[in-house]
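To keep things clear, I will list the structure first and then write my remarks on it.
Just so it is clear, none of the values below were taken in a lab; they were calculated from the coordinates. Nothing here was measured: the structure is a model prediction, and the numbers come from that model. Cβ coordinates were reconstructed from backbone atoms using ideal geometry, including for glycine residues, and neighbour counts include every protein chain displayed.
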Ligand code: NDP
């Protein structure tokens, strides 16, 4: 490793991917520094997965309290109250704790943390304020940032970044978009008693998910009181002292106390000076890399949200490990993007892995589809009108399970295990010969006997 340079590796961005790369590389003896301008742990820890899940728990607790009545508990409605500021404060304390853990993890690994905003002076030089650092390798792991569509009034729109620190809950809210963040936040708000409207420009939200899952989720969210409006977009927003009038493309208007955009995220490359050095950006603004995370400049690599691969923490973590092996290890291993499981923490949750029915048909498979829809056992006594859906997409010829999809309580927890089976190429016969765990919802995945098509 080069002794002429200050470091063997400087990583710009201490998010999931950057921190994993830093720790793995330092463990292999590399001299590593991470530059971070905002917070340790990146989007996931600070304004993403972690606080979102805590908010989902908080939101769902209201239903749990109601459901307890069917199990014999007396929960007088007038004695139930919710304190948003307490939830936010407790969440903030937990995030601070995690920031501290990240700091100590890096320190214990021997990684230098440099606070400040980085730019690249040349292919081996990073500038942070008035300091300059040289390195053999530089990795851009700067992540992504919410995008708000350009409509009149967009300046009064909040994004997930601000929602995590909202001083108080409004009575009504409009959530704009139909992807992961929109459905998760619509669920959080509605569960906390906010009259919530979700606006999506297409015919049905959650584009890219299995169609049955999309329809089923829409029906379940409507039952929980979320006003889902599809085929409509925001034209402009007028604001007057924390009151907003949202003008829609169908000519109608909504009065609301908050507008949140969850309309996608762009790569965060501002001010880095990448293009000046010859690093290419794609039409969507992502850093262009090859399968080894290499940009057009040999010493510069990039990973995570900034390169446009699935914007998921476990993907960035896996990329960090692959890149570390490549830079400082035996070089072996490539990133495998097949059958990446994901969960959407709307209420009820979605869990999904593998091909959707539409994708499998498009790929030319002759299919058997297994589908089970039922009332989760918990709701037999709670009386809640909530149902679950499970679906398997099976290749008729090979019997291989190509996709598993679920809407229902704990869908994310259940899908993680199913993902191992699908990744291993399990057949439907192997699912069938697996003994179920009773009584669970998960056992439906191994007891669906008759195909629906
Ligand atoms: P997504 O890309 O998932 O969804 C963006 C949504 O906004 C889509 O419905 C899109 O519509 C809509 N949209 C985009 N542009 C416009 C526009 N100009 N006007 C109106 N609507 C528009 O992004 P998110 O912001 O929800 O999340 C970003 C990423 O973060 C996700 O893709 C996911 O990878 C990750 N994430 C993962 C989570 C998890 O694992 N549980 C949780 C949260 C985020 P259309 O479909 O028509 O393009």
Square roots of five times the Cα gyration tensor eigenvalues for segment 306-391, Å: 36, 20, 10
Suppose we take every Cα in segment 89-133 and form the convex hull; what volume per residue is that in Å³? 94
For segment 126-277, just list the percent of Cα-Cα distances falling in each 10 Å bin from zero outward, please. 10, 36, 28, 14, 10, 3
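Subtract the Cα-Cα distance of residue 292 and residue 416 from 0.36 nm times their separation in residues, and report this length gain in nm to one decimal.
On the way: separation 124, 0.36 × 124 = 44.64 nm, distance 2.63 nm.
Full extension of this stretch gives 42.0 nm more.
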Hydrodynamic radius by Kirkwood, which averages 1/r over all alpha carbon pairs of segment 1-128, in angstrom: 17.4
Give the angle, between 0 and 90 degrees and rounded to the nearest 10, that separates the Cα long axis of helix 180-191 from the longest principal axis of the Cα atoms of the chain. 50
Viscosity 1.002 mPa s, temperature 20 °C: Stokes-Einstein D of segment 386-453 from its Kirkwood Cα radius, in µm² per second? 175
In which sequence would 7, 337, 71 go, from the one with the fewest C-beta neighbours within 10 Å to the one with the most? 71, 337, 7
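If each residue's Cβ is checked for other Cβ atoms within 10 Å, how do 220, 373, 334 rank with the fewest at the top? Intermediate values should be presented prior to the final figure.
Details: 220 22, 373 14, 334 10.
In increasing order of surrounding Cβ atoms, one gets 334, 373, 220.
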What would the Debye formula give as log10 I(q)/I(0) at q = 0.11, 0.13, 0.16, 0.19 Å⁻¹ for the alpha-carbon point model of segment 198-289, no solvent? -0.54, -0.69, -0.85, -0.95
Say each of residue 266 and residue 235 gets a label point 7 Å from the Cα, pointing the same way as Cα to Cβ; how far apart are those two points in nm? 2.5
Report the dimensions of the chain along its three principal axes from the alpha-carbon atoms, largest first, rounded to Å. 70, 62, 44
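For Cα pairs less than 8 Å apart in space and 6+ apart in sequence, what is the mean separation divided by the residue count of segment 30-169, i.e. the relative contact order in percent? Please report the intermediate quantities before stating the final value.
Values: 107 pairs, mean separation 46.6, N = 140.
Rounded, it is 33 percent for segment 30-169.
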I'd like the orientation of helix 211-223 relative to the chain: the angle between its Cα long axis and the longest Cα principal axis, in ° from 0 to 90, rounded to 10. 70
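Normalised by the number of residues in segment 245-309, what is the relative contact order in percent for Cα pairs under 8 Å and 6+ residues apart? Can you show the working numbers first?
Values: 65 pairs, mean separation 15.0, N = 65.
Contact order relative to length: 23 percent.
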Which angle from 0 to 90°, rounded to the nearest 10, does the C-alpha axis of helix 16-27 make with the longest principal axis of the chain? 50
Measure of size requested: the Rg and Dmax of segment 120-162, with Cα atoms as the atom set and Å as the unit; please supply both. 17.0, 46
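For the chain, calculate the relative contact order in percent as a whole number, restricting contacts to Cα pairs under 8 Å that are 6 or more residues apart.
15
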How large is the helix-only mean residue ellipticity at 222 nm for the chain, computed as the sum of -39500 (n - 2.57) over DSSP H runs with n ≥ 4, divided by its residue count, in deg cm²/dmol to the nearest 500? -9500 deg cm²/dmol
Multiplying the sequence separation of residue 283 and residue 396 by 0.36 nm and subtracting their Cα-Cα distance, what value in nm do you get? 36.8 nm
For segment 356-398, what is the largest minus smallest coordinate of the Cα atoms on each principal axis, given in angstrom and ordered from greatest to least? 44, 16, 8
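Could you work out how much longer the chain between residue 86 and residue 147 gets when fully extended? Use 0.36 nm per residue separation minus the Cα distance between them, nm to one decimal. Please report the intermediate quantities before stating the final value.
Values: separation 61, 0.36 × 61 = 21.96 nm, distance 2.88 nm.
Stretched fully, the residue 86-residue 147 segment lengthens by 19.1 nm.
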Distance (nanometres) between label positions extended 7 Å along Cα→Cβ at residue 440 and residue 101: 2.4
Give me 414, 437 ranked fewest to most by other Cβ atoms within 10 Å of their Cβ, as a rough exposure proxy. 437, 414
Calculate I(q)/I(0) for segment 186-251 by the Debye formula, one identical point scatterer on each C-alpha and no solvent, and give its log10 at q = 0.13, 0.27 Å⁻¹ to two decimals. -0.43, -1.19
DSSP bridge pairs, the chain: antiparallel proportion in percent, nearest 5: 60
Give the separation of the Cα centroids, segment 3-80 to segment 341-383, in Å. 26
Simple spin-label estimate for residue 94 and residue 78 in nanometres, 7 Å along Cα-Cβ: 3.3
So the pair-distance distribution of segment 36-107, from every Cα-Cα distance in 5 Å bins, comes to percents of 3, 14, 19, 17, 13, 10, 8, 6, 5, 2, 0
Enumerate the whole-percent occupancy of each 5 Å bin, from 0 to the last occupied one, for all C-alpha pair distances of segment 44-185. 2, 7, 12, 14, 14, 13, 13, 10, 7, 4, 2, 1, 1, 0
